[in-house]
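Every number here is computed from the coordinates shown, using simple stated rules; none is lab data. Bear in mind the structure is a predicted one, so any value in this text is a computation, not a measurement. Methodologically, a virtual Cβ is constructed for each residue, glycine included, from the backbone with ideal geometry; neighbour enumeration extends over all protein chains shown.
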Amino acid sequence: MKQRVGVIGLGIMGTSVTQVLERNPLVDLKAFCTLKEDRLADAQKKFSVSNGYLDFNEMLEKEDLDIVYIATPDWWHRDPVIACLDKGLHVHVEKPMTTDIGEATEIVEKVKRSGLKLQVSYNHRWLSAYNATWNMIREGQIGKPLMGYARKNNPIFVPTEMLSWSGKSSPAWFLSAHDIDLMCWWFDQSPIEVHGYGVKKVLVERGIDTYDMIQGLVKFDGGAIATFESSWIYPNTHPSMPDSFMEVIGEKGHFHLDRKTEAIEMSTEEKFAWPRSLLNYKVFDKWVGAFPSCVNSFVDSVIEDREPFVTALDGWRATAVLDALHQSVDNGGIVKVQQAPSWPR
Ligand SMILES: NC(=O)c1ccc[n+]([C@@H]2O[C@H](COP(=O)([O-])OP(=O)(O)OC[C@H]3O[C@@H](n4cnc5c(N)ncnc54)[C@H](O)[C@@H]3O)[C@@H](O)[C@H]2O)c1
């Protein structure tokens with residue numbers, strides 16, 4: 001019954017997922033893998049996981065696993081995902097599924113052929129306010145959704161200090177990915193075309209070749225439209241991370257979801273802040289919030305042999321929108337969103 005789990009990538013997310021899985025009674029956390037020896041040694045001291053590797057292929061070769069959680073940088077998800085699927089393992093991969101639509105299609109096709117389960121970690125679906133919004137839209141409380149707006153903006157330390165690989169990603173891949181997944185899920189419509197603009201200045205001047213901010217307007221097949229905004233250059237004095245706001249306007253009503261303050265305001269002699277506690281927080285002895293709920297839910301989906309709450313196709317769809325958005329931002333014009341590979345119902 002217990003699922004034998006391995007983790008690939010022990011950065012911020014890989015460490016958080018290890019903390020959660022270690023406390024899940026349905027999980028036998030067997031092994032983890034990361035690139036740097038000192039990080040691996042630290043993790044082995046901190047967690048009760050004896051088998052550590054610097055090469056994920058060696059881990060997959062030597063360990064008998066059921067599930068692998070992949071928490072490598074945005075642009076390096078495809079190789080470990082494909083290797084795990086080839087070994088017959090269920091995969092929980094961090095968002096975005098990949099930053100390349102060809103790779104995403106390859107993954108979806110493999111999931112489809114193998115019958116294995118794959119969930120992309122769009123954990124915001126487990127935030128109770130976002131989940132309640134989904135339910136109330138489905139109940140028809142605001143009528144058909146017609147327009148959406150989503151903003152997710154980070155202070156500049158995220159691309160300059162927190163992520164060593166930000167130059168190979170963008171604020172939209174890193175931030176809007178969540179909002180695009182939520183909006184597609186709430187609207188229950190397929191995105192068909194995108195027009196976007198981006199600004200490159202501040203980060204380029206600091207030697208990081210990526211966009212400071214991106215705005216994209218997406219049109220859906222049911223007639224709805226939605227704007228997605230992301231920025232990586234707020235000053236570090238900004239009291240929250242991220243500044244996150246979402247809106248849906250329907251035929252008969254609206255929703256506003258403001259996650260900027262996360263319900264706590266504090267000031268000290270050094271700073272003013274809105275500390276985070278909703279996504280991942282240790283309450284006494286257990287991690288609670290949307291992130292642990294999402295992680296543990298995937299383990300449940302394997303045990304119960306049911307579809308994960310975020311499917312491979314959901315992950316593919318967010319990557320397809322982001323792929324079209326970046327084509328539009330890079331080259332100009334309106335770009336059609338690829339349509340999903342067929343999926344047996
Ligand atoms: N779901 C969420 O809410 C959420 C939040 C933040 C980040 N993320 C996503 O999680 C992923 C990881 O982000 P992070 O902030 O933890 O990054 P990070 O840079 O802190 O960690 C990445 C880790 O991957 C390891 N790695 C890289 N290549 C590897 C390889 N070949 N084999 C083994 N390990 C390798 C690195 O050594 C590093 O430890 C990204 O895709 C990011 O977008 C998701």
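See the values below:
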| item | result |
| --- | --- |
| Whole-number percent relative contact order across the range 135-291, with pairs defined as alpha carbons under 8 Å at least 6 apart | 28 |
| Modelled FRET efficiency - R0 22 Å, Ser50 with Ile12, Cβ distances, 0.05 increments | 0.45 |
| Sorted by Cβ density within 10 Å, fewest first, the residues Met59, Met97 | Met59, Met97 |
| Value at 222 nm in deg cm²/dmol, rounded to 500, when DSSP H runs of n ≥ 4 in the chain each add -39,500 (n - 2.57) | -10000 deg cm²/dmol |
| Antiparallel DSSP beta bridges within the range 98-245, as percent of all bridges there, nearest 5 | 70 |
| Residues Met266, Met136 arranged by fewest to most Cβ contacts within 10 Å | Met266, Met136 |
| For the range 299-339: rounded, prolate or oblate by the Cα gyration tensor [a/c cutoff 1.5] | prolate |
| Mean separation of Cα contacts under 8 Å (6+ apart) over length of the range 188-277, as relative contact order % | 19 |
| Rounded FRET efficiency, nearest 0.05, which uses the C-beta distance separating Lys87 from Glu193 and R0 of 51 Å | 0.85 |
| Global form of the chain, assessed from the alpha-carbon gyration tensor, a/c cut-off 1.5 | rounded |
| Calculated from backbone phi, Karplus (6.51, -1.76, 1.60) coupling profile of the range 7-24 in Hz, x at Gly/Pro | 10, 10, x, 10, x, 4, 6, x, 5, 4, 5, 5, 4, 6, 5, 4, 9, 8 |
| Beta bridge orientation in the chain: antiparallel %, DSSP, nearest 5 | 55 |
| Order of Glu106, Glu269 - criterion: other Cβ atoms within 10 Å of each residue's Cβ, fewest first | Glu269, Glu106 |
| Cα gyration tensor category, rounded, prolate or oblate, for the range 199-345 with a/c compared to 1.5 | oblate |
